[in-house]
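S.K.: Below you will find the structure I want to go over with you.
The values are calculated or read from the model by the stated rules, or taken from the named source; none is laboratory data. It should be emphasised that the depicted structure is a prediction, and the values quoted were computed from it without experimental measurement. Don't worry about glycine lacking a Cβ; one is built from the backbone with ideal geometry, like all the others, and counts go over all protein chains shown.
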């Protein structure tokens with residue numbers, strides 16, 4: 001760069017300036033980096049762009065903390081402009097008696113397409129969940145003091161969310177496609193999974209059978225009788241359950257409920 005005086009005649013000289021751009025840390029949005037707990041509240045409405053086959057990590061504009069990471073799976077379609085809203089509740093979330101981790105993510109791209117998503121949680125978020133889950137008999141999530149429970153992490157995708165909205169539809173993402181890593185330096189859990197579409201995402205401990213509602217099945221059977229499919233099932237535990245809705249799918253990806261609702265019988 002050139003440095004010049006305002007005098008006449010002008011005196012000038014050259015100098016070299018070095019700009020050191022530091023990379024973002026592994027801390028996540030609304031994390032108190034001194035005590036490693038979550039400050040509750042809304043992270044804000046954040047937008048970033050992704051083209052086909054590319055990946056990026058969305059960070060907060062104020063302190064460069066991570067919000068979400070997404071990889072657009074290469075298939076000729078761009079996700080485009082991606083709208084992300086993260087809300088952090090001050091306590092564990094509950095729906096029909098089932099606990100959910102306090103960080104709720106809603107992701108809305110221009111084009112809903114296949115992608116690989118990574119969400120972030122603090123070890124303290126999982127510990128808060130475990131404290132409430134243990135009181136109601138639900139399975140626990142892993143923490144830094146019990147890493148053996150990493151196989152318990154599950155994600156539920158809720159269409160027409162949030163989860164307690166009338167008409168919302170919950171779909172469990174199997175633990176078998178979820179990868180989870182823990183960073184002890186920042187106490188951050190990174191939970192990643194593939195998606196075929198986007199909506200609201202909630203983290204929780206896996207239920208038996210990955211059911212999004214607190215019902216434990218002992219069996220579910222189906223048989224064909226003439227031109228009719230006969231389905232039967234039994235439960236060994238239910239909590240605040242009013243009825244069952246059966247859904248069917250022709251392609252294994254998209255499902256629709258049957259017309260009839262099956263009410264709970266004591």
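S.K.: Please work out which residue is nearest to the chain's Cα centre (by Cα), limiting yourself to the range 59-79 and to residues that are under 17 Å from residue 46 (Cα atoms) and not in a loop (DSSP other than H, G, I, E, B).
M.R.: Step one: filter the range 59-79 for residues under 17 Å from residue 46 (Cα atoms), giving 59-71, 79.
After this cut, where a residue has to be not in a loop (DSSP other than H, G, I, E, B) as well, the list is 59, 66-71.
On the way: 59: 16, 66: 14, 67: 11, 68: 9, 69: 11, 70: 11, 71: 14 Å.
For the range 59-79, the residue satisfying everything is 68.
S.K.: Could I ask something else about it? Residue pairs, Cβ under 6 Å, 6 or more apart or interchain, first in the range 165-181 and farther than 13 Å from residue 191 by Cβ, second assigned to a strand (DSSP E or B). List them.
M.R.: From residues that are farther than 13 Å from residue 191 by Cβ, the pairs are 168/158; 169/159; 170/156; 170/158; 171/157; 172/156.
S.K.: Based on this model, can you work out whether residue 133 counts as in the same structural domain as residue 173 (by TED's automatic domain parsing) and part of a loop (DSSP other than H, G, I, E, B)?
M.R.: The answer is no for residue 133.
S.K.: State yes or no: is residue 119 assigned by TED's automatic domain parsing to the domain that holds residue 55, in contact with a strand residue (DSSP E or B) (Cβ under 9 Å, 6 or more places away or on another chain) and assigned to a helix (DSSP H, G or I)?
M.R.: Details: assigned by TED's automatic domain parsing to the domain that holds residue 55: yes; in contact with a strand residue (DSSP E or B) (Cβ under 9 Å, 6 or more places away or on another chain): yes; assigned to a helix (DSSP H, G or I): no.
For residue 119, the condition - assigned by TED's automatic domain parsing to the domain that holds residue 55, in contact with a strand residue (DSSP E or B) (Cβ under 9 Å, 6 or more places away or on another chain) and assigned to a helix (DSSP H, G or I) - is not met.
S.K.: Consider only pairs whose beta carbons are under 6 Å apart and that are at least six residues apart or on different chains; among these, list those whose first residue lies in the range 225-250 and is assigned to a strand (DSSP E or B) and whose second residue is at pLDDT below 80 and exposed (fewer than 10 other Cβ atoms within 10 Å of the Cβ).
M.R.: The qualifying pairs are 234/219; 243/263.
S.K.: Considering 162, 194, which residue is under 15 Å from the mean Cα position of the chain (by Cα), surrounded by fewer than 20 Cβ atoms within 10 Å (Cβ to Cβ) and not in a loop (DSSP other than H, G, I, E, B)? Step through it out loud before you land on a result.
M.R.: Numbers: 162 fails: not in a loop (DSSP other than H, G, I, E, B).
Answer to the check: 194.
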